[in-house]
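Data first, discussion second: the structure below is written as structure tokens.
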Amino acid sequence: MAHYLKPGPLGTRFNAAVGWLARHGISIFGSAELAVLGRTSGEWRRIPVNPLDVEGSQYLVSARGHSQWVRNLRAAGGGELRVGRRVRRFTAVELPDGDAKAVVLRVYLKRWGFEVGTFFGEINAKSSDEEILRAAPRHPVFRITTAE
């Protein structure tokens, strides 16, 4: 069974608040609202995310694991990042587990560890490469390319 940490009531309310802010043009530390077509419903599904820039590329990391947005993004192959009226369409390619993914996860934990560290267990930005590589299968990472 794929790793996934479902948000509790507080996490659900926090995500709703961050999503509401993003829809109204307010980005918290670079957050945006991800919109992706549902793989079975065909309807737009929205959730706040923390896009991450690493060495000139942009990534989306699922701190909670193999969530619904991850499954939808795999099926759709792309989506939209929204902040207020600004909409950036993108395509997405999932990174395989390996060194490149470990680099992105380390940068993600440096940038967002204060918010998402609990979803990574004992792993943090100072963990060894081997520890991060062991955690990598639990945290999908997508390289996104915007159509701007």
Using alpha-carbon positions, the gyration tensor of region 1-87 gives root eigenvalues a ≥ b ≥ c; with a/c under 1.5 called rounded, otherwise prolate if a/b exceeds b/c, else oblate, the class is rounded
Taking Cα atoms, the helix 9-23 axis meets the longest principal axis of the chain at an angle in degrees (rounded to 10) of 50 degrees
Net charge (Lys, Arg +1; Asp, Glu -1) of residues whose beta-carbon lies under 10 Å from that of residue 84, residue 84 excluded, is +3
Per residue, accessible area of region 1-116 with a 1.4 Å probe, heavy atoms of protein chains only, in Å², comes to 56 Å²
So, with points 7 Å from each Cα along the Cβ direction, the residue 44-residue 17 label distance in nm works out to 2.5 nm
Highest mean packing first, using Cβ neighbours within 10 angstrom, the peptides 115-128, 67-80 sort as 67-80, 115-128
Ranking 4, 108 from most to least accessible area with a 1.4 Å probe gives 4, 108
Quick P(r) readout (the chain; Cα-Cα; 5 Å bins; whole %) gives 2, 10, 19, 23, 23, 15, 7, 1, 0
So the carbon and sulfur contribution to the accessible area of the chain, 1.4 Å probe, in percent, is 53 percent
Among 144, 59, 31, the residue whose Cα sits farthest towards the positive end of the charge dipole of the chain, when +1 is placed on the Cβ of each Lys and Arg and -1 on the Cβ of each Asp and Glu, is 31
Within the under-14-Å Cβ sphere about residue 38, not counting residue 38, Lys/Arg +1 and Asp/Glu -1 give a net charge of +3
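The values are calculated or read from the model by the stated rules, or taken from the named source; none is laboratory data. Keep in mind that this is a model prediction, so the values were computed, not measured. A quick note on method: Cβ atoms are made from the backbone with ideal geometry, for glycine too, and the neighbour counts reach across all protein chains shown. Ligands, DNA and RNA are stripped out before the accessible areas are found, and what is left, the full protein with its side chains, is counted by its heavy atoms. Shrake-Rupley method; radii C 1.70, N 1.55, O 1.52, S 1.80 Å.
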